[in-house]
1. Only Cα pairs within less than 10 Å get springs; with that Gaussian network setup on the chain, which residue of A86, A150, A120 has the largest fluctuation?
2. If a paramagnetic tag sat 7 Å from the Cα of Q142 along the Cα-Cβ line, which residues of the stretch 59-83 would have the backbone N under 20 Å from that point?
3. Can you give the local net charge around E104? Use residues other than it whose beta-carbon is closer than 12 angstrom to its beta-carbon, Lys and Arg +1, Asp and Glu -1.
4. Work from the charge dipole of the chain (Cβ charges, +1 for Lys and Arg, -1 for Asp and Glu, about the Cα centre) and give the residue of P153, A52, T109 farthest towards its positive end.
5. Order these by the 10 Å Cβ neighbour count, fewest first: E104, E189.
6. Can you show me the helix-derived [θ] at 222 nm for the chain, built from DSSP H runs with n ≥ 4 at -39,500 (n - 2.57) apiece and divided by the number of residues, rounded to the nearest 500.
7. At most 14 other Cβ atoms within 10 Å and a DSSP loop assignment: could you name the trypsin sites (Lys or Arg not before Pro) in the stretch 110-194 that fit?
8. Taking H placed 1.01 Å from N in the peptide plane, check which residues at least 5 places from A150 or on another chain put their amide H under 5 Å from its amide H.
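Read the figures in this text as sums done on the coordinates, not as results from a lab. This is a predicted model, so every value here is computed, not measured. FYI the Cβ positions are ideal-geometry reconstructions off the backbone, even for glycines, and counts take in every protein chain you see.
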Amino acid sequence: MPHLKKTIFLILTALCVIISTPIHAAEIGEDGLHKQPWFTTSFKDIAEDVQAAKDEGKRLAIIYEQRGCIYCKKLHETVLNDPKIADYIKSNFMVVQYNLFGDEEVIDTDGESLTEKKAARKWRLNYTPTIIFMPEALSQNQDAGRAAVAIMPGAFGKGTTLNMFKWVKEKGYEGDEHFQKYHARKLAEGKAQD
């Protein structure tokens with residue numbers, strides 16, 4: 001009987017801990033998109049945003065999302081809420097959120113003015129979330145989809161997401177090491193340290 005009381009006590013204690021543990025739900029804005037407090041609100045003039053990010057010593061990343069996207073929710077609640085990942089992104093990137101079906105005006109890097117949803121079609125984006133990494137300097141007459149140095153379609157795990165941001169920050173796209181090889185190397189280095 002004493003073992004039963006002890007077991008019940010342990011189960012109840014564990015339940016109390018589980019119930020009292022905060023769930024990291026992502027904030028949802030009026031537009032139905034998940035938000036991070038460190039996202040930047042801008043006029044969505046990409047050339048201006050590239051320059052603003054550069055002035056802060058950062059890179060511009062555009063994240064496309066949509067209302068009700070379960071993968072966007074996963075990205076926000078399991079990846080972007082991680083302090084290590086959030087701190088790295090905040091320190092090195094200016095992130096501006098776009099709506100895949102949004103009507104806000106965007107000024108593309110080629111000067112064309114269009115809505116968020118028309119820009120997504122122009123840049124051939126079909127999936128949310130998608131993160132578009134912009135170069136430090138823009139070429140003339142090239143739209144953002146072609147100017148991007150990397151595009152990350154989908155909600156990946158913490159390690160893949162963080163490594164993609166690091167690969168862009170380190171300008172891995174200029175070298176011979178493809179992101180997949182970079183990521184594999186980083187995973188192997190992490191295992192070797194453990």
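1. Maximum among the listed residues: A86.
2. So the set is 59-63.
3. On the way: positive: K44, K117, K118; negative: D31, D45, D103, E105, E116.
Here the charged neighbours net out to -2.
4. P153
5. E189, E104
6. Numbers: 8 runs with 82 residues, N = 194.
So the calculated ellipticity at 222 nm is -12500 deg cm²/dmol.
7. Loop-located and lightly packed - R124, K171.
8. Hits under the 5 Å cutoff: F133.
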